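Student: Please see the structure below; I have some questions.
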Amino acid sequence: MFTYITDLFVAVLVPFLALSAIVLTAMLVFLVVQRGIDELQFRRRQRLTARYRELVDGLLGPEISDRCLVEISRVPARHRYVIETMFLKTLALATGTVVERLRDGARAASLVDDWVHQLSSRKWWVRAEGTRALGLVRETRALPLMFKVLDDEHEEVRAAAVEALGLIGHPQAIPVLLARLSDQSRHQRARIVEALREFGDVATPAMVQHARTRPADAAMVADILGLVGGHVAAEELKRWTGDPNPLIRTAAMRAIGTIGLDQDSVQLALAALADEAPEVRAMGARALGRARRSDTATRLVAHLDDEWIVAASCADALRRLGRPGVDALQTRIDDPGYAGDLARQMLWERRTATAGV
Amino acid sequence: MTLRDWTIGALEVFDLILIAYFLAINTIYLVFSIVAYVQLRHHRKRWTARELGAVMRSPATPGISILVPAYNEAANVAESVRSLLFLNYPLYEVIVVNDGSKDDTLDQVVESFELVRAPVSYTQAVPTKPVRGVYRSISGLDLTVIDKENGGKADAINAGVNAARHPLVCVIDADSVLEEHSLTRAVLPIIENPATIAVGGIVRLANGCAIDHGRVIDIGLPKSHLARFQVVEYLRAFLAGRVALSLVNGLMIISGAFGIFSRAAVIEVGGFRQDTVGEDMEMVANLHRLYRDRGEKYRIVFQPDPVCWTEAPESIRVLARQRDRWQRGTLQVLSRHWRMFANPRYGVIGLFVMPYYVIFEGIGPVIELLGYVLTVLAVAFHLIGWRFAYLLFLAAVVYGAMISLASVILEEVSFRRYPRLGDLLWLAFYGFLEHFGYRQLSTWWRVRGVFRFLMGERGWGDMTRKGFEKAQT
């Protein structure tokens, strides 16, 4: 019986282990060879990079020479990937004329054509790379293609398209991006917001218009307007503080607080302290604190007994107001509950901050 | 039948059981490795750098309080905290809990980061030993140090949980270094699925790596043979075991060296238990039990790419103590959660994970050691034939070596963190060599842990730190 079982074990185990050993050894050898090939490729790339460095540096010099462009256009197709890598690395940090020069270089080396061609690749990562590259060289001629890529089936490609449009910064892209603000992916929406921020104040009229036609996006638009920080948007935002929807009122007051308060806005922020929605009251307090309106300390300290989110925002605002805020907080440090806790906490934070200065 | 016949019969039965045991454990690991291979490939495609960027920008990304329990960690604590302050994550704070260290851990961290004693008190959501003082940064760093009376690692973590301001708490060891994007990568499953209550990251060994200002700048293999064996062990445990178990929500342990937990969930289970040396495993077991008892949906996930670098023991004495402690911790947890064993109510945890842990991790070392000793003696006294010994060698040593080699290959095809070709070859060599002595030695340490557990010992033992290797500058 035992002999039979052990024979069975041996009969199964030995071939299995032998086969496993062969497979694993083959895999290991393959990986070692792969590492060797990678090493060779790396060295070749280094050699080619050194060879073409002067050519690329020539494009970045004070004067772009036609000779550079001609020589770049003559780079063999099999070496283009080296030039491409050098261009893209530089473009990731470049602005202004450097981008223009590298764009000329990329056009001369037919890289722009390659990238445009990549947009119709079957492989999503190739489409994403092409999109990213076109964005980095700010290739406006590729805009219509980019708009199509915005609806690509792969999120990575859509993401690259949004970022690229933000980098290109052409006004034509604003309504196209706004139309996708309600994308299902939260990450994609965050990218669109980031791209719209790249446009700055230029995007404000289109965003305001978008909010009017699609009120459901108004709160989100208000947030973006706050981030863009344009005074152009302030008038519209002030109107939105009277909107029946508390989400829009909150977002509008947050945006106003971020942009900064003028005299009208101070009155609106004070009015917000009496709003029925606690989030709006909190945003009103935040706005007053950020504007350092010391004359509002009495109003703010009265809200330390309000709901926690409001009380915490008021306490934080008072901390920012300097002496009047400290005096107001001092009056509440012996209070029970979180009014006293917040007052004590804010006074402590302020003391340590001052001690550190 | 004579007594000799009975003995031979019993030995043969035992050896067959032993061979089946080794075949089972190695086959389970083979399946884990295959599943992990598929999962890791999927993971690499799923979580791209784009997601990391989105996490960094998203206003919905949850804040994290990093808790660093420190006891006699003067050698490493400043370096570790520095690395934590430079993490790439939009909203986090660092809370170091000095658990009544006898060395100058507190002075090291207070002096290095210009901290001042602050009049702050926290609600004790989880009871802990008295807090002696709270120190905060005056230079704008989101760093808090809690100085408390010694109460053990779990007690220190609980003090950190009480002080945490964010909804997630990340527990790491004071002798560990997190990579720049570790938090961002670790938090992805929580953003993807809010039912995720805990996430564990991979722990890699920093021995042999060059560390500069809290950043690993050159990855290499340790010089010590003992540490090299541990590198292979860690690869096998994390890349094969945890990746596969995570897929079926069967993760039973999130390493105390690096894990992210929902603060609310931690408080709900009463914090980390102080009367155990396996508080990390105990916490995960408690979470499984609580959520499965309630019938609530939850996930406990392992992410293979957020890396935490930690120092491994390089002396046999310290390593033996560590393994002894781990074994006792495992047994404590298994004995406390015995009710889940083979209980269909606890799903995969009850029907697969608990039996696996009981058989292979709990009593496994005893079976193994007994098997080795009895087989050698039985062959020496001609009680059983060489065939049994040969089969045992194949099932335990050769099959085990294959699995270790597979783990090294898994690392190479997934993350390839060791850049030198020589490192790959050395890892493969040590993976093969591991089962010719090191594994048996480790089994002996674990058996000692089993006996000390049965004798009722619950202490931690000391772990001497030598500090990270500095980069050549």
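The values are calculated or read from the model by the stated rules, or taken from the named source; none is laboratory data. All values reported here derive from a predicted model rather than from experimental measurement. In this analysis, Cβ positions are derived from the backbone assuming ideal geometry, glycine residues included, and neighbour counts consider all displayed protein chains.
Student: Tell me the residue from A:R35, A:R43 that is of a type outside the set (S, T, Y), farther than 30 Å from B:S404 by Cβ and within 14 Å of another protein chain (Cβ to nearest Cβ), please.
Tutor: Every option except A:R43 fails the conditions.
Student: Restricting attention to segment A:125-138, does a residue exist that is in the same structural domain as A:A160 (by TED's automatic domain parsing) and surrounded by fewer than 18 Cβ atoms within 10 Å (Cβ to Cβ)?
Tutor: Quick first cut of segment A:125-138, residues in the same structural domain as A:A160 (by TED's automatic domain parsing) only: A:125-138.
Next, only the ones that are surrounded by fewer than 18 Cβ atoms within 10 Å (Cβ to Cβ) stay: A:125-126.
The answer is yes, given that some residue of segment A:125-138 is in the same structural domain as A:A160 (by TED's automatic domain parsing) and surrounded by fewer than 18 Cβ atoms within 10 Å (Cβ to Cβ).
Student: Given the criteria β-branched (V, I, T), surrounded by fewer than 23 Cβ atoms within 10 Å (Cβ to Cβ) and either assigned by TED's automatic domain parsing to the domain that holds B:V97 or modelled with pLDDT of 80 or more (or both), does B:I17 qualify?
Tutor: Criteria met by B:I17.
Student: Sticking with this one: If you go through segment A:139-150 one residue at a time, how many are surrounded by 17 or more Cβ atoms within 10 Å (Cβ to Cβ) and either among the β-branched types (V, I, T) or closer than 15 Å to A:E84 by Cβ (or both)?
Tutor: Counting residues in segment A:139-150 that are surrounded by 17 or more Cβ atoms within 10 Å (Cβ to Cβ) and either among the β-branched types (V, I, T) or closer than 15 Å to A:E84 by Cβ (or both) gives 2.
Student: Right, next: Being at the interface with another protein chain (Cβ under 8 Å from one of its Cβ atoms) and surrounded by fewer than 16 Cβ atoms within 10 Å (Cβ to Cβ) is the filter here; which residues of segment A:4-26 pass it?
Tutor: Those that are at the interface with another protein chain (Cβ under 8 Å from one of its Cβ atoms) and surrounded by fewer than 16 Cβ atoms within 10 Å (Cβ to Cβ): A:I5, A:V10, A:V14, A:A21.
Student: Shifting gears a bit: Sort through A:D38, A:D113 and tell me the only one that's over 32 Å from the mean Cα position of the chain (by Cα) and of a type in the set (D, E).
Tutor: Step by step, each of A:D38, A:D113 is checked, and only A:D38 is over 32 Å from the mean Cα position of the chain (by Cα) and of a type in the set (D, E).
Student: Considering each of A:A255, A:A251, A:A269, A:A285 in turn, give the residue that is in contact with a Cys (Cβ under 6 Å, 6 or more places away or on another chain), among the aliphatic types (A, V, I, L, M) and either closer than 23 Å to A:V232 by Cα or not in a loop (DSSP other than H, G, I, E, B) (or both). Working first, answer last.
Tutor: Details: A:A255 fails: in contact with a Cys (Cβ under 6 Å, 6 or more places away or on another chain); A:A251 fails: in contact with a Cys (Cβ under 6 Å, 6 or more places away or on another chain); A:A269 fails: in contact with a Cys (Cβ under 6 Å, 6 or more places away or on another chain).
From the options A:A255, A:A251, A:A269, A:A285, the qualifying one is A:A285.
Student: Under 7 Å by Cβ, and 6 or more places apart or on different chains, what pairs join a residue from segment B:84-110 that is assigned by TED's automatic domain parsing to the domain that holds B:D175 with one that is aromatic (F, W, Y)?
Tutor: So the pair list comes out as B:D99/B:Y71; B:S101/B:Y71; B:V110/B:Y135.
Student: On the given criteria, is B:A320 more than 24 Å from B:R185 (Cβ to Cβ) and touching a residue at least 40 places away in the same chain (Cβ under 8 Å)? Spell out the reasoning first.
Tutor: Details: more than 24 Å from B:R185 (Cβ to Cβ): yes; touching a residue at least 40 places away in the same chain (Cβ under 8 Å): yes.
It is true that B:A320 is more than 24 Å from B:R185 (Cβ to Cβ) and touching a residue at least 40 places away in the same chain (Cβ under 8 Å).
Student: Being of a type in the set (A, V, I, L, M), within 14 Å of chain B (Cβ to nearest Cβ) and assigned to a helix (DSSP H, G or I) is the requirement here; does A:V112 meet it?
Tutor: no
Student: Check off (1) in contact with a helix residue (DSSP H, G or I) (Cβ under 7 Å, 6 or more places away or on another chain); (2) under 26 Å from A:A161 (Cβ atoms); (3) in contact (Cβ under 8 Å) with a residue 24 or more places away in the chain for A:R103 and give me the number that stays unchecked.
Tutor: Condition not satisfied by A:R103: (1).
Student: Taking the criterion of being in a helix (DSSP H, G or I) and in the same structural domain as B:A265 (by TED's automatic domain parsing), would at least one residue in segment B:304-317 satisfy it?
Tutor: To start, the set of residues in segment B:304-317 that are in a helix (DSSP H, G or I) comprises B:316-317.
In the following step, the residues that additionally are in the same structural domain as B:A265 (by TED's automatic domain parsing) were identified as B:316-317.
Yes: segment B:304-317 contains one or more residues that are in a helix (DSSP H, G or I) and in the same structural domain as B:A265 (by TED's automatic domain parsing).
Student: Does B:E457 satisfy the criteria of being modelled with pLDDT under 95 and part of a helix (DSSP H, G or I)?
Tutor: no
Student: Out of the residues in segment B:385-437 that are buried (at least 22 other Cβ atoms within 10 Å of the Cβ) and of a type in the set (V, I, T), which is nearest to B:E12 (Cα to Cα)?
Tutor: So the residue we want is B:I403.
Student: Can I ask one more? For segment A:182-222, which residues satisfy the criterion of being within 24 Å of A:P246 (Cβ to Cβ), more than 14 Å from every other protein chain (Cβ to nearest Cβ) and not β-branched (V, I, T)?
Tutor: Residues satisfying the conditions are A:S182, A:M207, A:Q209, A:H210, A:A211, A:R212, A:R214, A:P215, A:A216, A:D217, A:A218.
Student: Here is a list: B:V145, B:V109. Which entry is at pLDDT 85 or above, buried (at least 17 other Cβ atoms within 10 Å of the Cβ) and assigned to a strand (DSSP E or B)?
Tutor: Result of the check over B:V145, B:V109: B:V145.
Student: Would you mind finding the one in B:Y346, B:Y298 that is more than 19 Å from the chain's Cα centre (by Cα) and in the same structural domain as B:R263 (by TED's automatic domain parsing)? Steps first, please.
Tutor: Values: B:Y346 fails: in the same structural domain as B:R263 (by TED's automatic domain parsing).
When all the criteria are applied, what remains is B:Y298.
Student: Yes or no: segment B:226-242 includes at least one residue that is in contact with a Phe, Trp or Tyr (Cβ under 8 Å, 6 or more places away or on another chain), under 20 Å from B:E79 (Cα atoms) and of a type in the set (G, A, S).
Tutor: No - not one qualifying residue is present in segment B:226-242.
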